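Visitor: Please read through the structure below; I'll follow up with questions.
Laboratory data are not the source of any read-out in this text; all were calculated from the coordinates shown. Keep in mind it's a predicted model, so treat the numbers as computed, not measured. Here Cβ is always computed from backbone atoms with ideal geometry, including for glycine, and neighbour counts include all displayed protein chains.
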Amino acid sequence: CVKTLRKVFPGKTLKVESYSFSRSENKEVLDKAGFSIIGACTAYITQIEDEESNLKKFHASHRQDTREAIRESYEYRTDIELDEYILLSDETYARSGKPSGIALKELKRWKSVWKNNLLISGVYAENIPIAMTLIPFVGKKAIYWHGASASNKLRGATTYVHLKNMEYLKDRGVEQYDFGGASIKIPIGEDIEYSDEKGKIYAGGQPEPA
């Protein structure tokens, strides 16, 4: 992968993000390719249990919001069409004046690679999508990769979809729900790379070195 990038972008500075950098073989490969660490992040992981135990790990306010979403009887779906996900992603990023966080071509590629191990899930209110997630999973671990939400959603909808994801994945032998990296603010040229730490803690993620 690194060799290919060098050919495609000769002379350019390349940045690599790794969710498993603690695996020594990954670090050795990048070291040999001339990469150096510019910042470390923390992964936020929750151990999947029964629904009530998972819910108890949520921050009090998010737990209350999620219970309200449960009372609303939102419909949880795992048969999301790719086009439908893209539309909600476009709406999500438009709120901050940004282009969509994911292109249909890219999403199709992810789906072709992960096949049945890519959970594309969502919650609906009266057949209208209000929150969706992309969750690749393999073995006993799942990773929250990407999310989208409607502008006029109930706040608990975004945590409710995670709660239902955990239930779905538990039935498939998954034990860990990884919210990904967070708590990073690293200047890269004129850009600042960052991730949402607070939301991942509030949804039950526990910090672990990554």
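Visitor: Please sort 3-13, 27-37, 116-126, 45-55 by packing, taking for each peptide the average over its residues of neighbouring beta carbons within 10 angstrom, highest first.
Guide: In descending order of packing, they fall as 116-126, 45-55, 27-37, 3-13.
Visitor: Of 32/140; 32/141; 7/32; 140/170; 98/164; 57/170, which pairs sit farther than 19 Å apart, going by alpha carbon to alpha carbon?
Guide: Cα-Cα > 19 Å for 32/140; 32/141; 98/164; rest within.
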